[in-house]
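Contents: one structure, followed by commentary.
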Amino acid sequence: MRFATVAMALSMASALACAAPASAGTAALGQNLIVNGDAEADTGSTDGGSVPVPGWNVSGGLTSVQYGAGGGFPSASDAGPQNRGANFFAGGVNTPASRAVQVIDLSAWSGAISAGQSQFDLSGWLGGYASQSDNATLTAVFRDSTGNSLFSTSLAPVGAGERGNLTGMAYRDSHGLIPVGTALVDIVLDMRRVEGSYNDGYADNLSFSVAAVPEPSSWAMLGAGLAMLGFAARKRRASAA
């Protein structure tokens, strides 16, 4: 099923040029803004072949596959999200590199972002096949209204060693402040083939959400609470001694 080949790069610029922003609309704080982040919007492939992937601008053959599909793909019992649904993302047939992109409009939070009062949460389950090094990377690129990149963050690939040389996925997440001036965020899912003929980068349950930065008073209350817990712990240790 898998034979060695050479990886190649895809152009992010061309993919982003074709991707229309998803409107923030009435989205709420903490809500996942990625459309079809769980690969459940359409029927997944039963053999790893190419099928439609709604919500994403796809290049290089990236597809969705049903858990338990023949050929060694992840099953419902392999490491991965508990609420995994029926499908996951895979790199695709005979493709060294594949990509899925969507652009999220953050205009609903423009005031809070401009005031430096918004933070993001990027997360997902990433993995690969057996002892092979094929992998997946999820990246968020924050851009201003003219398209200039302000900041980017990526969820690191999950190596075969981290998976115990078993087929499956592991959880990754990243948090931080949304840069002042951000208007759009590009969500980029990259699958890279290192070994074999099939691109066995896998991903599922991808999420990007916006949250409010805690007020200074909240931080002060948290600090006071931690200090009290520390004092109580020291007092218990002293009493025990």
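The values are calculated or read from the model by the stated rules, or taken from the named source; none is laboratory data. This one's a predicted model, so the numbers in the text were calculated from it and none came from an experiment. Here the Cβ is made from the backbone with ideal geometry for all residues, glycine too, and neighbour counts use every protein chain on show.
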| query | Is there a residue being under 19 Å from the mean Cα position of the chain (by Cα), among the charged types (D, E, K, R) and at pLDDT 95 or above anywhere in region 28-40? | reply | yes
| Do we find a residue being at pLDDT 95 or above, surrounded by fewer than 17 Cβ atoms within 10 Å (Cβ to Cβ) and of a type outside the set (A, V, I, L, M) anywhere in region 1-23? | no
| task | Quick one: count up the residues across region 185-217 that are over 11 Å from the mean Cα position of the chain (by Cα) and not hydroxyl-bearing (Ser, Thr, Tyr). | result | 18
| request: Among the residues of region 75-93, write down those that are within 16 Å of the chain's Cα centre (by Cα) and closer than 14 Å to residue 202 by Cβ. | output: 80, 81, 84, 87, 88, 89, 90, 91
| Can you tell me how many residues in region 140-196 are in contact with a helix residue (DSSP H, G or I) (Cβ under 7 Å, 6 or more places away or on another chain), part of a strand (DSSP E or B) and among the β-branched types (Val, Ile, Thr)? | 1
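For the subset of region 173-222 comprising residues that are β-branched (Val, Ile, Thr) and modelled with pLDDT of 95 or more, which member is nearest to residue 128 (Cα to Cα)? Please lay out each step first, then the result.
Pass one, region 173-222, residues β-branched (Val, Ile, Thr): 178, 180, 182, 185, 187-188, 194, 210, 213.
Keeping just the survivors that are modelled with pLDDT of 95 or more gives 178, 180, 182, 185, 187-188, 194, 210.
Values: 178: 30, 180: 36, 182: 33, 185: 26, 187: 20, 188: 18, 194: 11, 210: 28 Å.
Result: 194.
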| task | Scan region 42-64 and report the pairs whose first residue is closer than 15 Å to residue 190 by Cα and whose second residue is basic (Lys, Arg), with Cβ atoms within less than 8 Å and a gap of 6+ or a chain change. | result | 58/99; 59/99; 60/99; 62/99
| task | Mind listing whichever residues of region 116-139 are within 14 Å of residue 161 (Cβ to Cβ) and not in a strand (DSSP E or B)? | result | 129, 130, 131, 132, 133, 134
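For residue 150, indicate whether it is without any contact (Cβ under 8 Å) to a residue 40 or more places away in the chain and of a type in the set (A, V, I, L, M, F, W, C). Let's see the steps before the verdict.
Working: without any contact (Cβ under 8 Å) to a residue 40 or more places away in the chain: yes; of a type in the set (A, V, I, L, M, F, W, C): yes.
When the stated conditions are applied, residue 150 passes them.
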| note | Selection from region 111-164 of residues hydroxyl-bearing (Ser, Thr, Tyr) and in contact with a Leu (Cβ under 8 Å, 6 or more places away or on another chain) yields 118, 123, 137, 139, 145, 153, 154
| said: For region 130-145, give me each residue that is surrounded by fewer than 18 Cβ atoms within 10 Å (Cβ to Cβ) and of a type in the set (Gly, Ala, Ser). | reply: 130, 131, 133, 145
| request: Go through the residues of region 80-89 one by one and say whether even a single one is in contact with an Asp or Glu (Cβ under 6 Å, 6 or more places away or on another chain), aromatic (Phe, Trp, Tyr) and under 27 Å from residue 141 (Cβ atoms). | output: yes
